[in-house]
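Shown next, in structure tokens, is the structure this report addresses.
Throughout, read-outs are computed from the coordinates displayed, never taken from laboratory work. Since this is a predicted model, take the numbers as computed values, not measurements. Here the Cβ positions follow ideal geometry from the backbone for every residue, glycine too, while neighbour counts run over all protein chains shown.
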Amino acid sequence: TRRASLTSTRTTCGYCGVGCALDVLTRDGDVAAVRPAADGPVNRGHACVKGRFSHGFLRSPERLTRPLLRRRSGLEPVSWGEALDHIARGLRAAVGEAGPDAVAAISSARATNEENYLIQKFMRAVIGTNNVDNCSRLCHSPSAAGLTAAFGLPGGTDGFEDVERADCLLVVGANPVEAHPVVGARLLQQVLKGARLVVVDPRAVGLAGHADVHLRPRPGTNVAVFNGLAHVLLAENLIDEEFLRHRADGLPALAALLDDYAPDRVSTITGVPAPDLVAAARLYGRAERPAIVYGLGVTEHLHGTDGVRTLANLAILRGAVGTERGFGVNPLRGQNNVQGASDMGALPDLLPGYGRVGDPVARARAEQVWGTRLPAHDGLRIAQMFAAARSGDLRVLWVVGEDVCATDPDADRVVEALEACPLVISQDLFLSETARHADVVLPAASWLEKDGTFVNFDRRFQRVRPALAPPGEARTDFAVVHAIAAACGADLGCPTPAAALAECGRVAPVFAGISHQRLDREGAIPWPCPDPGRPGQVKLHRDRFATPDGLAHLAARPYLPPGESADDDYPLILITGRRWAHYNSGNMTRRSGNIRLDAADRLDIHPADAARHGVRDGDRVLVQSRHGRATLPVRVTEELLPGQLFCAFHFPSSRVNALTSGHADTVTSCPEYKVTAVRLRGS
Ligand code: SF4
């Protein structure tokens, strides 16, 4: 028999926020190969081990193929009709008895823009609540808040091709070699071409070995480091006075604050040697075209938004944002569609395009398009949803594509919340930790089985196209939201993803120039793009900043300590993050060939701490925090300083997030994943 010919489908990687364009080759209903697209607008022929090889999960025997409903005996397969009837009855009862705010939804960066748009529309226009949030709450919500306050828009200020022209890279709290490998390789290439490199990270992350200066602050002391760098810029007149006179405000207050951040004092707070701090400031301050690239090591802190603001201060002081003199401040988004999930309004205080729910003008525009009145008060953030569930105020929690029991902090409290909530709906590819606690489990489609768009870390919309059909009765999140709405007697309109994006452009003019048809022709379009006849804006803020007064705003923010510090009871600080071969909860990558590259979570520990605790490579230790416990094998490494530990959370069985705390950014509620005080016991 002749083999069927290969079919090639161009789509966008569903893992990290780089957004590599991939050609997926399929034959006989399976993936034969994944090739990075040579003309991919961001990746230009490159991809990493996740995008290329982590597709084995598609045909995993563990894929959910039928809806499940909780009975006395446990979760049992049912028809879609029965599952949807159960959900609709639960929604009607909750709203009827306790009002629309008794219902909440957690959306996901794994869902397309169109799915996020539809979910938030359902919650607002059909249920009547703003209780919708997405996983950016747990990673880059401080970026959105901090960049908006500084520059007026919640996105990175420059395109990645600009960053590639920088002559000095300040890479802060990010490990792109592992977490964003295509960007990591390109930053390294830039260094090999002669760019100077400053790395700020407690760990010896991949780029640190190539850095001119590597600052290793104690976890939780970023604001002191950034204020110290700003102090040196001011003290040595490495600032752009004309830019500060005409395009920024806040200098007098900042200058007064910075008197307290001389290098010696900063060194005492952070552990960074004063000469290194000065050297780093001079490299950034004397560069012709400096760029800042940062990650979750800046945001996932008690004062994460202050971290973003004080980091942005450096670019403003140098006039290196919104000008040709530099390449601004650019967050590396963790998941593929973190930017897009927020752009689409899956947030409790913001509509699509970032109009505030309390702003009558923004609300009226959405009301006119959706044909209904909308709630005007902010909804619940994710942690508030869990608290409301524990207190009995939340009756329905709908979790789309997130494994909150594995990835959210203080995991034991999350489990308590799910157990207290009368109706929990989980939409997933697998029976995740969250799905195990759900009352209804809906089988979902993966990124390789969907039609829509993602927005990557530099604000580019790109097309997502289905290479395969979902298995069994699994459905896309887009189809599921429509089906739940229909079961509730509602019609959400926009029957196709293309129609949903078109409608979104009417609610949010900043996206009005972007359509599926145009993306099919052009490949990628960055927002803002209000006009279908004009290109989107790669570099932001050229003529004026998007703030109401058109100025960039410096922020005078003092250093404040993290939520937890090492003490006699808990003498070590745990930092959590990612490793190269896996992606977040590992739901997909663990069920692919990547499991052979990395088969378990492990606890990195400095040799001095290992010796003090009498542990060697591979020994299992019990890790205890004030919030929970986990058992992990250790890896002895000098990548960490003494007193610090590092662990990923790709394997839910290790329960790493039982350790992390409920401390969260005071502005956005982003969890403080990067600082947890712990102790070790032999297990
Ligand atoms: Fe590209 Fe990120 Fe996907 Fe790797 S995981 S292929 S870097 S988008």
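Mind checking which lysines have their Cα closer than 25 Å to the Cα of K193? Skip sequence neighbours fewer than 8 apart in that chain.
K539
Search the structure for amide H atoms under 5 Å from the amide H of N134, placed 1.01 Å from N in the peptide plane, and list their residues when 5 or more places away or on another chain.
S107
Let me know the whole percent of all Cα-Cα pairs from region 594-679 that are separated by more than 20 Å.
Result: 36 percent of Cα pairs exceed 20 Å.
Add +1 for every Lys or Arg and -1 for every Asp or Glu among the other residues with Cβ under 12 Å from the Cβ of E114, and state the total.
Every neighbour counted, the sum reads -2.
How far is the Cα center of region 63-93 from the Cα center of region 493-563, in Å?
So the separation of the two Cα centres works out to 38 Å.
According to a simple spin-label model (label point 7 Å from Cα along Cα-to-Cβ), what is the distance in nm between A235 and S5?
Simple spin-label model gives 7.0 nm for this pair.
How much mean residue ellipticity at 222 nm does the chain get from its helices, if each DSSP H run of length 4 or more adds -39500 (n - 2.57) and you divide by all residues, to the nearest 500 deg cm²/dmol?
Calculated from helices alone, the mean residue ellipticity at 222 nm is -9000 deg cm²/dmol.
Taking every eigenvalue of the Cα gyration tensor of region 7-59, multiplying by 5 and rooting it, what semi-axes result, largest first, whole Å?
The three semi-axes for region 7-59 are 18, 12, 8 Å.
By count of other Cβ within 10 Å, fewest leading, how are Y261, Y559, Y117 ordered?
With the sparsest Cβ surroundings first, the list reads Y559, Y261, Y117.
Which whole-Hz ³J(HN,Hα) couplings does region 552-557 yield from phi under the Karplus relation 6.51 cos²θ - 1.76 cosθ + 1.60, θ = phi - 60°, glycine and proline marked x?
7, 10, 6, 10, 8, 10
Rounded if a/c is under 1.5, else prolate if a/b beats b/c, else oblate: with a ≥ b ≥ c from the C-alpha gyration tensor eigenvalues square-rooted, which is region 94-243? It would help to have the intermediate numbers written out before the result.
Numbers: a/c = 2.48, a/b = 2.06, b/c = 1.20.
Taking the square roots of the gyration eigenvalues as a ≥ b ≥ c, region 94-243 is prolate.
What's the exposure ranking of E62, E115, going from fewest to most Cβ atoms within 10 Å?
E62, E115
Can you list residues from other chains, or at least 5 along the same chain, whose modelled amide H is less than 5 Å from the amide H of V272?
Residues meeting the criterion, in which the H sits 1.01 Å from N, are R218.
Is region 141-332 rounded, prolate or oblate when judged by the Cα gyration tensor, a ≥ b ≥ c being the square roots of its eigenvalues, rounded requiring a/c under 1.5 and prolate requiring a/b larger than b/c? It would help to have the intermediate numbers written out before the result.
Details: a/c = 1.30, a/b = 1.13, b/c = 1.15.
Cα axes put region 141-332 in the rounded bin.
Once amide H atoms are placed 1.01 Å from N in the peptide plane, what residues at a sequence separation of 5 or more from I525, or on another chain, have their amide H within under 5 Å of its amide H?
Placed amide hydrogens put F461 under 5 Å from I525.
With r as the distance between the Cβ atoms of R286 and E242 and R0 = 25 Å, compute the FRET efficiency 1/(1 + (r/R0)^6) and round to 0.05.
In this case the efficiency is close to 0.90.
Based only on other Cβ atoms within 10 Å, what is the fewest-to-most ordering of E449, E288?
E288, E449
Taking every pair of distinct Cα atoms and averaging 1/r, then inverting, what Kirkwood hydrodynamic radius in Å comes out for region 440-514?
With all distinct Cα pairs of region 440-514 included, I get 13.8 Å.
Can you pull the Rg over Rh of the chain, Cα-only, Kirkwood?
0.95
Ranked highest first by average number of other Cβ atoms within 10 Å, how do 8-18, 328-338, 594-604 line up?
328-338, 8-18, 594-604
For the pair D212/E82, report the inter-label distance in nm, with labels modelled 7 Å from Cα in the Cβ direction.
6.7
Relative to the compact-globule scaling 2.2 N^0.38 Å, provide the ratio for the alpha-carbon radius of gyration of region 40-160.
Computed over Cα atoms of region 40-160, the ratio equals 1.45.
In whole percent, what relative contact order does the chain give with Cα contacts below 8 Å and a gap of six or more residues?
The normalised contact order for the chain reaches 20 percent.
Please work out whether region 240-342 counts as rounded, prolate or oblate from its C-alpha gyration tensor, where a ≥ b ≥ c are the square roots of the eigenvalues and a/c under 1.5 means rounded, while otherwise a/b larger than b/c means prolate and anything else oblate?
Taking the square roots of the gyration eigenvalues as a ≥ b ≥ c, region 240-342 is oblate.
Note the full-extension length gain between D249 and V538 as 0.36 nm times their separation in residues minus their Cα-Cα distance, in nm to one decimal.
Working: separation 289, 0.36 × 289 = 104.04 nm, distance 2.45 nm.
Once the chain is fully extended between D249 and V538, it gains 101.6 nm.
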